[in-house]
Structures are given as C-alpha cells and as structure tokens.
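Taken together, the values in this text are just the output of simple stated rules run on the coordinates, not laboratory data. It should be emphasised that the depicted structure is a prediction, and the values quoted were computed from it without experimental measurement. FYI the Cβ positions are ideal-geometry reconstructions off the backbone, even for glycines, and counts take in every protein chain you see.
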Amino acid sequence: MKDTSKHQGLRNQLANVLKQKGIHDENVLNAVRKIPRHLFIDSSFEDHAYQDKAFPIAADQTISQPYTVAFQSQTLQIKPEDKVLEIGTGSGYQTAVLLELGAEVYSIERQHELFKRTSLFLPKIGYRAKKFIFGDGYQGYKEKAPFDKIIVTAGAPFVPKALLAQLKVGGMLLIPVGDKTQIMTLLIRKSPKEFEKHELGDFAFVPMLQKKN
Ligand code: SAH
C-alpha cells in the first residue's frame, strides 16, 4: 500500500478538524499529520481513513475515532521516554501516536488475531513498541510496572485495581468507565495511597472484556 500526497492532504485536513474540536497539542496534531491511518484499515475502505470517525477492523473491533485518540494522547501529556502501558492495541493507530510522541510503549491486546496482525504490521511501517503483549489488560503488565502513564482504549465497567497499583506516584491512568457509553476518567496518583479523579466527558468505546481470546 502506498502513501501519496493526496493522503498527506487528507491528513492535514483531519488535523484541522481536530484543532477545531479542541485539540491544541501541536505534537499530537503533528502525529496525526504524519501517521498513514489509511494503512491501518482495510484498503477497500481507504476513503474513510481520514474522516473523524471510528471504523470496523478485524475481530469485531474498531479503530478509535481520531478525535478520541488525540484527546486521550493530549490529556496524558506524553513526554519523550515516558513509560506507557496501553490496553487495547487494536489496529495499532493509538500505539503509533504514542510512539510519535516519543513514549516507550507496552501494549496489550486480548484478541489473538489483532495481536498477531498489529505486532507484525507496526514495525513494517517503522513503529517499534517496546513490547506487544497477548494478554488480559485487567491484569496490567506487572513485569514492567510502574508506568508513567496508562491508557485504556476500551470501555471498562470499573477501574481495575491492578492498573492503579502499576502507576508511578505522579503517574496518570486514563480510562473510559461505563457500559454503553463511558465517562473518560483521569486518575492521577498523588501518593502511594491517594488518587485524584477527574471526569472528562462522554465517549463510546467497544467493551473491555475479561480474559484472552
Ligand atoms: N487503540 C485501538 C482501539 C481498538 S478498540 C485502535 O485505535 O485501534 C479496543 C481494543 O481493546 C480491541 O482491540 C479489543 O480487543 C481490546 N480489548 C478489550 N478488552 C481488553 C482487555 N481486557 N485486554 C486487552 N485488550 C482488550
């Protein structure tokens, strides 16, 4: 698959749309301008790649809406070398944004088909996560904890305790909490025992499911 100047033009337009919707972090907007999102979805739907919409990928899952990816990335204030745990690798588009922002990314996916596909695809287009993990995000990733930032890209019925436990003091967990729709919830670890909670509006994600598949 190719990346052309037409695609570049569409990406620039998408970044403008996100700007109008309130994304102001230039690093995030530059990542959107750079990452060839059309390569992350089935080529027959290429035309949809640069609209600000979620879209179906394999295994009944979706690639998150660009606005949502940008909002989560901006909210977490990702800095170069931040150690980031991502729950829900999916298409890998959010992973690519985190990598463009300079993060060291550990990404967990519970669907084997997506895990396999995305862990092969991302390095092919030059995006190297520290590790792709086939596993259950409810458990986090103890081996590499604690993390500066944890991002959950599936709708969680509750905040998993393991994720709170795997956050550095000063670290942030961003997780959509709820069933049909979710409230984007930011938890900042103020001390080993204290978390500050911020609710950042309504979003819609596919559900965070238990166990691997
Ligand atoms: N960031 C992805 C979003 C994909 S949708 C993208 O932009 O493409 C959410 C993903 O979370 C799906 O791939 C789904 O399989 C995965 N998921 C759901 N529950 C999970 C869990 N408990 N652990 C890991 N991944 C999970």
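Summary of computed values
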quantity: Every residue from region 42-73 that is part of a loop (DSSP other than H, G, I, E, B) and near the ligand (Cβ under 9 Å from one of its atoms); calculated: ALA54, ILE57, ALA58, ALA59, ASP60, GLN61, SER64, GLN65
quantity: Top-ranked residue of region 85-99 - restricted to ones that are touching a Phe, Trp or Tyr at 6+ places or on another chain (Cβ under 8 Å) and not in a loop (DSSP other than H, G, I, E, B), ranked as surrounded by the fewest Cβ atoms within 10 Å (Cβ to Cβ); calculated: LEU99
quantity: Condition check for ILE63: more than 22 Å from GLN166 (Cβ to Cβ) and in contact with a strand residue (DSSP E or B) (Cβ under 8 Å, 6 or more places away or on another chain); calculated: yes
quantity: Of all residues in region 74-107 being within 21 Å of LEU187 (Cβ to Cβ), without any contact (Cβ under 8 Å) to a residue 60 or more places away in the chain and small (Gly, Ala, Ser), the one that is nearest to the ligand (Cβ to nearest atom); calculated: SER107
quantity: Flag if LYS197 is of a type in the set (D, E, K, R), surrounded by fewer than 15 Cβ atoms within 10 Å (Cβ to Cβ) and within 12 Å of the ligand (Cβ to nearest atom); calculated: no
quantity: Residue match in region 131-147 (condition: loosely packed, with under 14 Cβ neighbours inside 10 Å and either over 25 Å from GLU100 (Cα atoms) or among the β-branched types (Val, Ile, Thr) (or both)); calculated: no
quantity: So PHE203, is it within 11 Å of the ligand (Cβ to nearest atom), surrounded by 15 or more Cβ atoms within 10 Å (Cβ to Cβ) and aromatic (Phe, Trp, Tyr); calculated: no
quantity: Pairs where the first residue, in region 1-22, is more than 12 Å from GLN51 (Cα to Cα) and the second is surrounded by 11 or more Cβ atoms within 10 Å (Cβ to Cβ), C-beta under 6 Å, 6+ apart; calculated: MET1/LEU39; ASP3/PRO36; LYS21/TYR67
quantity: Residue in region 66-74 that is more than 19 Å from THR181 (Cβ to Cβ) and over 12 Å from the mean Cα position of the chain (by Cα) present; calculated: no
quantity: Output for region 108-133, where each listed residue is in a strand (DSSP E or B) and either among the polar types (S, T, N, Q) or near the ligand (Cβ under 9 Å from one of its atoms) (or both); calculated: ILE108, GLU109, ILE133
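Every residue, every condition in (1) more than 10 Å from the ligand (Cβ to nearest atom); (2) among the charged types (D, E, K, R), yes or no:
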site	(1), (2)
TYR138	no, no
LYS142	yes, yes
PRO146	yes, no
ALA165	yes, no
